[in-house]
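Taken together, the values in this text are just the output of simple stated rules run on the coordinates, not laboratory data. As the structure is a prediction and not an experimental result, all values here were calculated from the model. Ideal geometry is used to build each Cβ from the backbone, glycine not excepted, and the neighbour counts take in all protein chains shown.
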Amino acid sequence: MALVIKMIGVLKTAALFAVRRPKEAAIILLAALLALMFWRFNRERGRAQELAAKIEGLPPDAKQVVTIYRDRVVTKVRDGPTKIEYRDRYLPPEGHVEVVTKVDQPDQPPEVLIQDRGFTRRLGGGVVYAGEFLPMVDIKWAYWRRYSATVGITPRFGGLGVSRHVDDFMPFQNLEIFGIVGLDWQSERRLGLGIRTNF
């Protein structure tokens, strides 16, 4: 309930700012709209590249083609004389792609292994809201596709967290939303929500 009251207060402050200083509010709104248009343009261009990779087909003598576009792995496999099968998978920033060829089976296409889960040691940080806004430093230790497990510490408490990449619906490639649960320095349970990034 306190969070709802604070959000209403923020909206009221923004409305008063727009009424009192309309020129500055218009500039901020225009900058936000330009940023949104730039993001939409980049996103549509990325989708067009992925679609072009799927439409191109395969050369007559190729059995398989693997294309990586930032966070997507598009695999085209020839299945019969005319049929081509497409696979599209997410590649997290922590993951990687391996192409394994089999020496004893030259007629088979190489196997594409996408490492989209596992353990890591990525240092990160962000801002958490737990009754007040607090800076946070954390270490990501496990990941599974867009989701990750972290251990973080703030000036008031420390604990375990779960995060999710937001690059599928926001323009930021290295941004995650997260929740953290832990104990403060008086051994009381604390819960926080916020955003984080990898260093």
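According to a simple spin-label model (label point 7 Å from Cα along Cα-to-Cβ), what is the distance in nm between residue 2 and residue 39?
It works out to 2.9 nm between the two label points.
Name the GluC sites (Glu not before Pro) in the range 92-199 that are in a loop by DSSP and that have at most 12 other C-beta atoms within 10 Å, would you?
Passing sites in the range 92-199 are 132, 188.
At a 10 Å Cβ-Cβ cut-off, how would you order 167, 184, fewest neighbours first?
Final ranking by Cβ density, sparse to dense: 184, 167.
Taking 0.36 nm per intervening residue step and subtracting the Cα-Cα distance, what contour gain separates residue 185 from residue 87 on full extension?
Contour length minus the Cα-Cα distance gives 30.4 nm.
Using alpha-carbon pairs under 8 Å, 6+ residues apart, how would you state the relative contact order of the chain in percent?
Contact order relative to length: 11 percent.
Roughly how many debye, to the nearest 20, is the charge dipole of the chain about its Cα centre, given +1 on each Lys and Arg Cβ, -1 on each Asp and Glu Cβ, and no other charges?
760 debye
Under the rule of -39500 (n - 2.57) per DSSP H run of 4 or more residues, summed and divided by the residues of the chain, what mean residue ellipticity at 222 nm is obtained, to the nearest 500 deg cm²/dmol?
Helices in the chain give a 222 nm mean residue ellipticity of -9500 deg cm²/dmol.
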